[in-house]
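Colleague: Sharing a structure below in structure tokens format, with a few things to ask.
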Amino acid sequence: MTLRPEPPARTLLVTLTGRDRPGLTAQLFAALSDYDVEVLDVEQVTVRGRLVLAVLLDDPSDEVALRRSLSELGSKLDVDVEVTAGHGDHRRPPGRAHITVLGFPLHPGAIGALADTVAAAGANIDRIVRLASYPVTSIELEVSGADPDRLKASVAAVALTEGVDVAVQPSGLIRRAKRLVVMDVDSTLVQGEVIEMLAEHAGVLDQVAAVTARAMAGELDFAESLRERVRLLAGLPASAVADVRAAVRLAPGARTLIRTLKRLDYRCAIVSGGFTQITDQLALELGIDYAAANTLEIVDGVLTGRVVGPVLDRAGKADALARFAAAEGIPLSQTVAVGDGANDLDMIAAAGLGIAFNAKPVVRSAADTAVNVPYLDAILYLLGISRDDIEAADAADGSPTP
């Protein structure tokens, strides 16, 4: 004999909407406590003083009395209370993902296009929350019912068309388990390129730029191009290096990013095709845990035009990422790599989350996601950290908030 499956149990959905004020949630649940019902699910959201509170209940023994009580409560509190009968608990389907959107500004068309893409993938948007309203707007969509990798490919076209940054990450523990963030330095952690600042002091900026252009055209690899550019700096006094170090400016949001990550017990690292004479001081100033870069040879207070030891190139950056992770006992799946140039491609590919920050097109296409706003702390939103949380932590310990 074939047994028929049990039909889904009957349930009630209670939805309260109205002007938010203290005590509404408490009064709703106080009214429900008079009845023999079980709470199966609760969702609440407040937007500009308007409250939407939804409570899913199992089938009450006296539904008529419960409905009457809730109607009276709505009149008393001047809110709308709707009771809808249905069947079953709300079980979210498998294939859950978080979609983080950054807009500068964020237009309705971008959200609509993303919603269409999610629907076309057969997925459902379970929840939308705001992570930040300035200096960029960031929202996060919790989605169920779609493969995150396939969804990522679909939303990439939307991001390009709508001019927003979009990251798709699988939900669950793996998203919350990131523990090491490794960043490039030039044009990522700091504004501009240090070697060009040194070249300007040496009066060879045009020649250095010409070598850089040859490297970009594929005529030289990074190690060759670096050595050739450093040779042009021969004879520059070491005092010029100190002047450049003093002139280096952090990217907007860099201090906030690192301060917040350190509060959350992340490990932070920098890897650079630039020079330890700059990066070591940055690491010390910002409290960065690990740093790797090239070292300019200085003899008798003058640059010799050579670097000391092997050049830290594209493969070297990926090796540094792996080395730092191993030192902390962190698997690569729990690392984040941030960079802007082709020299960062290997470490971006190796990390659990690779982020292209205001990057060249080849890097944007290879990374898991791209951030194209000038604020480095926007990376925090990709990790699910809200602006409110950042500012609350700053206020608690007296840190300046930009």
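The values are calculated or read from the model by the stated rules, or taken from the named source; none is laboratory data. Nothing here was measured: the structure is a model prediction, and the numbers come from that model. With ideal geometry, Cβ positions are generated from the backbone for all residues, glycine too; neighbour counts draw on all protein chains shown. These accessible areas exclude ligands, DNA and RNA; they are computed on the full protein's heavy atoms, side chains included. Shrake-Rupley method; radii C 1.70, N 1.55, O 1.52, S 1.80 Å.
Colleague: Given the options Ala54, Ala115, Ala367, which has the most mean-square fluctuation in a GNM of the chain, springs set between C-alpha atoms less than 10 angstrom apart?
Modeller: Answer for the Gaussian network model of the chain: Ala54.
Colleague: Let me ask another. Provide the per-residue ³J(HN,Hα) series for segment 183-200, in order, calculated from phi with Karplus coefficients 6.51, -1.76, 1.60 and θ = phi - 60°, each as a whole number of Hz, with x at glycine and proline positions.
Modeller: Listing the rounded values in order: 10, 5, 10, 4, 6, 10, 5, 10, 7, x, 10, 4, 5, 6, 5, 5, 4, 5 Hz.
Colleague: Need the list of lysines near Lys360 for cross-linking: C-alpha distance under 26 angstrom, and skip anything on the same chain fewer than eight residues off.
Modeller: Excluding near neighbours in sequence, the set is Lys152, Lys178, Lys317.
Colleague: A follow-up question, please. Within segment 196-214, find all residues whose amide N lies under 15 Å from a label point positioned 7 Å from the Cα of Val311 along Cα-to-beta-carbon.
Modeller: 196, 208-214, by backbone N distance to the label point.
Colleague: Between Glu82 and Thr46, 0.36 nm times their residue separation minus their Cα-Cα distance comes to what?
Modeller: 11.2 nm
Colleague: Sticking with this one: Give me the number: length gained by fully extending Arg10 to Ser365, i.e. 0.36 nm times residue separation minus the C-alpha to C-alpha distance, one decimal in nm.
Modeller: Details: separation 355, 0.36 × 355 = 127.80 nm, distance 4.85 nm.
Here the answer is 122.9 nm.
Colleague: Further question: Once you have a ≥ b ≥ c as the square roots of the Cα gyration tensor eigenvalues for segment 97-176, tell me rounded if a/c is under 1.5, and otherwise prolate or oblate according to whether a/b is larger than b/c.
Modeller: Values: a/c = 1.73, a/b = 1.24, b/c = 1.39.
In terms of gyration-tensor shape, oblate.
Colleague: Give the calculated FRET efficiency between Asp265 and Arg323 to the nearest 0.05, with a Förster radius of 35 Å applied to their Cβ-Cβ distance.
Modeller: Approximately 0.95, to the nearest 0.05.
Colleague: Go ahead and run the numbers for FRET between Ala392 and Ser71, Cβ-Cβ distance against an R0 of 35 Å, rounding to 0.05.
Modeller: Step by step, r from the Cβ atoms, then E = 0.35.
Colleague: Please give the solvent-accessible surface of Ser61 in Å², to the nearest 10, using a probe radius of 1.4 Å with every protein chain present.
Modeller: Counting only protein heavy atoms, the figure is 110 Å².
Colleague: With θ taken as phi - 60° and the coefficients 6.51, -1.76 and 1.60, list the Karplus ³J(HN,Hα) couplings across segment 143-154 in order, rounded to whole Hz; mark glycine and proline as x.
Modeller: 10, 10, x, 9, 6, x, 5, 5, 5, 4, 5, 5
Colleague: Just to confirm the number: angle between the C-alpha axis of helix 254-263 and the first principal axis of the chain, 0 to 90 degrees, nearest 10?
Modeller: Tilt of helix 254-263: around 60 degrees.
Colleague: Classify segment 10-87: rounded, prolate or oblate, from the alpha-carbon gyration tensor (a ≥ b ≥ c, eigenvalue square roots; a/c under 1.5 rounded; otherwise prolate if a/b is larger than b/c)?
Modeller: Prolate, because a/c is 1.5 or more and a/b exceeds b/c.
Colleague: Could you report the accessible area of Arg68 in Å², rounded to 10, computed with a 1.4 Å probe on the protein chains as they sit in the structure?
Modeller: 130
Colleague: Non-local amide H neighbours of Asp126 (under 5 Å, H modeled in plane, Pro and chain starts lacking H): which ones?
Modeller: When sequence neighbours closer than 5 places are left aside, the close amide H contacts are Glu142, Val143, Ser144.
Colleague: Build a GNM of the chain with springs between Cα atoms under 10 Å: which of Thr295, Thr25, Thr335 gets the top mean-square fluctuation?
Modeller: Thr25
Colleague: Quote to one decimal, in nm, the extra length available between Asp280 and His107 on full extension: 0.36 nm per residue of separation minus the C-alpha distance between them.
Modeller: So the chain would gain 58.1 nm between Asp280 and His107.
Colleague: Please calculate the 1.4 Å probe accessible area of His201, with all protein chains present, and give it to the nearest 10 Å².
Modeller: Rounded to the nearest 10, the figure is 100 Å².
Colleague: Separate question: Taking the Cβ-Cβ separation of Glu196 and Val302 as r and a Förster radius of 22 Å, what is the calculated FRET efficiency to the nearest 0.05?
Modeller: Efficiency for this residue pair is about 0.65.
Colleague: Build a GNM of the chain with springs between Cα atoms under 10 Å: which of Pro170, Pro374, Pro361 gets the top mean-square fluctuation?
Modeller: Pro361
Colleague: Cα centroid distance between segment 304-335 and segment 236-286, in Å?
Modeller: 16
Colleague: Please list the non-local residues whose amide H lies under 5 Å from the amide H of Val302, H modeled 1.01 Å from N, same-chain partners needing a gap of 5 or more.
Modeller: For Val302, the qualifying residues are Ala238.
Colleague: Residue-wise, which Karplus ³J(HN,Hα) couplings in Hz belong to segment 299-313, taking 6.51 cos²θ - 1.76 cosθ + 1.60, θ = phi - 60°, and x for glycine or proline?
Modeller: Rounded to whole hertz, the list is 10, 6, x, 9, 5, 8, x, 10, 9, 8, x, x, 7, 7, 10.
Colleague: Something else: Within 10 Å of each candidate Cβ there may be at most 16 other Cβ atoms; applying that plus a DSSP loop requirement, which trypsin sites (Lys or Arg not before Pro) in segment 233-290 survive?
Modeller: Answer in residue order: Arg249.
Colleague: What number comes out for accessible area per residue over the chain if the probe is 1.4 Å? Units Å², please.
Modeller: For the chain, the per-residue accessible area is 48 Å².
Colleague: With the crude spin-label approximation of a point 7 Å out along Cα→Cβ, what separation in nm comes out for Ala213 versus Asp116?
Modeller: 4.2
Colleague: Which shape class applies to the chain: rounded if a/c is under 1.5, otherwise prolate when a/b exceeds b/c and oblate if not, where a ≥ b ≥ c are the square roots of the Cα gyration tensor eigenvalues?
Modeller: Cα axes put the chain in the prolate bin.
Colleague: Let me ask something else. For a quick check: with amide H placed at 1.01 Å from N, whose amide H comes under 5 Å from Leu131's, ignoring anything fewer than 5 positions away on the same chain?
Modeller: Long-range HN contacts for Leu131: Ser138, Ile139, Glu140.
Colleague: Something else: Computing the accessible area with a 1.4 Å probe over protein heavy atoms, can you report the carbon and sulfur percentage for segment 10-87?
Modeller: Using a 1.4 Å probe with all protein chains present, segment 10-87 comes out at 48 percent carbon and sulfur.
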